[in-house]
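*Asks:* Would you mind keeping the following structure in view while I ask a few things?
The values are calculated or read from the model by the stated rules, or taken from the named source; none is laboratory data. Quantities reported herein were computed from a predicted structural model and do not represent experimental measurements. Cβ placement follows ideal geometry from the backbone for every residue including glycine, while neighbour counts extend to all protein chains displayed. For the accessible areas, the whole protein counts, side chains as well, though only heavy atoms, and no ligand, DNA or RNA atoms are used. Shrake-Rupley method; radii C 1.70, N 1.55, O 1.52, S 1.80 Å.
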Amino acid sequence: MKAIEITYKKNNKEKLSYEEIRYMVNSYVKNKISDQTMSEFLWAIYYNGLSMDETYYLTDVMIKSGEIIDLSKLKKKVVDKHSTGGVGDKITLIVSPIVACTGVCVPKMSGRSLGLTGGTVDKLESITGYKLKISKEAFIDELKTVGCAVISQSDKIAVADKKIYALRDEIGAVDSIPLIASSIMSKKIASGSDVIIIDLKVGAGAFMKNIKDATKLAKTMVNIGKYYNKKVICTLSDMDSPLGLNIGNSLEVKEVIDFFNGKYDKRLYELSVYISSLMISAAKGITQKRAKEIVVNLLESGHAKNKFKEWIKYQGGDLKKLKDKCKKYVIISHETGYVNKVDSLKLATLVYDLGAGRHKKTDRIDYAVGVSLNKTLGQKVRAGDVLGTIYYNKRVKNFEERFVDAFKIEKKKKKVKKIIIKTIK
Ligand code: URA
């Protein structure tokens, strides 16, 4: 087999076989073909697409390039939840303990995200003592005892994806639906869950900018699940505005603590209850309506809050010691009207400049910094009201103007966009 011939075939819009895709991926992993040759192959896919079977072949080869986790010894239903990444998205920290309360296991292996704001791993690292690296045995023990565990993703899972994703990032070939679908699903399937719930973010602050492309991606991921007999469910949720009232690692952990104490942003509550109900209903085979009743009860009774504390403590974290040392700058509104828009991308870019995100895996981040919103979508603001607060350690030029610029305050109130767009099963 020759790499150049396989790429030529794809450029001619011909279908590739399992062996051809395996040859390309494995040769690249073993450094038998160069970055240049692999880039040409990836561009051929980028421009010509892959059929559903070809997308499955690529996923399967990437799964088999690394370790496959066997969670069958748990003897419980196992459900994973994945978010494609959004601004202020802290819902893994909320839904994992809720679902664990029902006897369903939630094992999460989170990658260290490269993004404007921190990922789940960074939020957890803002809790002093929290251990993200534990042995496989300790992970299984925690799932048996607590029911949920969140650790950093092993480098041994979907090894080929890691190398190919890095190359795609470098050459600008990330936004291809079959490449994204196979990349996400190879890691999810190798991680061993029976049910995979994907929160696919759509909008300004997400990498999927429109509903049409997001729907296509969702359908592709659901179909990949069918090849493995795994239930995959994708919910499309709005990411034009940030999720919740805080963006920044320790600030988001504080918001999760508030959430379990009954103080929450409406949209954050709605999405958290929806996703946890979906996870429980899919794992237990009950209706989503019944699952929602269970979730609401777990929140109101304090069981979910206790489970959250149990989980964090089990992994060594001390919720009373968050890495939150910084200065504050309060922003006052000069306008009166209704908040008709909060631009998630503008706020995320500001939070990145404050130091909460990273471009390279080795970049150090500041866990304490970020922004919190006192006013959000649909709310009335009067001149003189507090609009929000910037938490900083280094002053960023024009940070007040940039914060205010993310808000659109108008005389007439506009209808607030629904957080849940649709669910594809
Ligand atoms: N996230 C992934 O894991 N892979 C992609 O290709 C895009 C987003």
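*Asks:* State yes or no: is Asn261 surrounded by fewer than 24 Cβ atoms within 10 Å (Cβ to Cβ) and farther than 28 Å from Ser126 by Cα? Write out each step before concluding.
*Replies:* Details: surrounded by fewer than 24 Cβ atoms within 10 Å (Cβ to Cβ): yes; farther than 28 Å from Ser126 by Cα: no.
No: the conditions fail for Asn261.
*Asks:* Here is a further query. Are any residues in region 96-140 polar (S, T, N, Q) and farther than 20 Å from Ser72 by Cβ, and if so, which ones?
*Replies:* Filtering region 96-140 down to residues polar (S, T, N, Q) leaves 96, 102, 110, 113, 117, 120, 126, 128, 135.
Across region 96-140, the qualifying residues are Ser96, Ser110, Ser113, Thr117, Thr120, Ser126, Thr128.
*Asks:* Check off (1) surrounded by 18 or more Cβ atoms within 10 Å (Cβ to Cβ); (2) closer than 22 Å to Lys321 by Cα; (3) modelled with pLDDT of 95 or more for Gly129 and give me the number that stays unchecked.
*Replies:* (1) is the only condition that Gly129 fails.
*Asks:* With region 92-202 as the region, which helices (runs of 4 or more DSSP H) entirely inside it contain at least 1 residues that are within 16 Å of the ligand (Cβ to nearest atom) and either in contact with a Cys (Cβ under 9 Å, 6 or more places away or on another chain) or in contact (Cβ under 8 Å) with a residue 12 or more places away in the chain (or both)? Outline the logic, then answer.
*Replies:* Working: elements: 120-125, 136-145, 159-171, 177-190.
Counting at least 1 such residues, we get 120-125, 159-171, 177-190.
*Asks:* Still on this structure, please answer the following. Filter region 311-320 for residues that are in a helix (DSSP H, G or I) and surrounded by fewer than 16 Cβ atoms within 10 Å (Cβ to Cβ) and give the result.
*Replies:* Here is the first cut: in region 311-320, the ones in a helix (DSSP H, G or I) are 311-314.
Listed by number, the list holds a single entry, Lys313.
*Asks:* Being touching a residue at least 40 places away in the same chain (Cβ under 8 Å) and β-branched (Val, Ile, Thr) is the filter; apply it to region 23-41 and report the residue that is most open to solvent (accessible area, probe 1.4 Å).
*Replies:* As a first pass, look at region 23-41 and keep what is touching a residue at least 40 places away in the same chain (Cβ under 8 Å): 25-26, 28-29, 35, 38-39.
From what's left, β-branched (Val, Ile, Thr): 25, 29.
Working: Val25: 1, Val29: 48 Å².
Out of the qualifying residues, it is Val29.
*Asks:* For region 211-226, check the following and say yes or no: at least one residue is within 11 Å of the ligand (Cβ to nearest atom), within 22 Å of Val104 (Cβ to Cβ) and open to solvent by 10 Å² or more (accessible area, probe 1.4 Å).
*Replies:* No - not one qualifying residue is present in region 211-226.
*Asks:* Go through (1) open to solvent by less than 10 Å² (accessible area, probe 1.4 Å); (2) within 16 Å of the ligand (Cβ to nearest atom); (3) not in a helix (DSSP H, G or I) and name the single condition Leu243 misses.
*Replies:* Evaluating Leu243 over (1) open to solvent by less than 10 Å² (accessible area, probe 1.4 Å); (2) within 16 Å of the ligand (Cβ to nearest atom); (3) not in a helix (DSSP H, G or I) leaves (2) as the failure.
*Asks:* Could you list, in sequence order, all residues of region 62-91 that are part of a helix (DSSP H, G or I) and within 15 Å of the ligand (Cβ to nearest atom)? Outline the logic, then answer.
*Replies:* From region 62-91, those part of a helix (DSSP H, G or I) are 62-64, 72-74, 91; that's our starting set.
Within region 62-91, Met62, Ile63 qualify.
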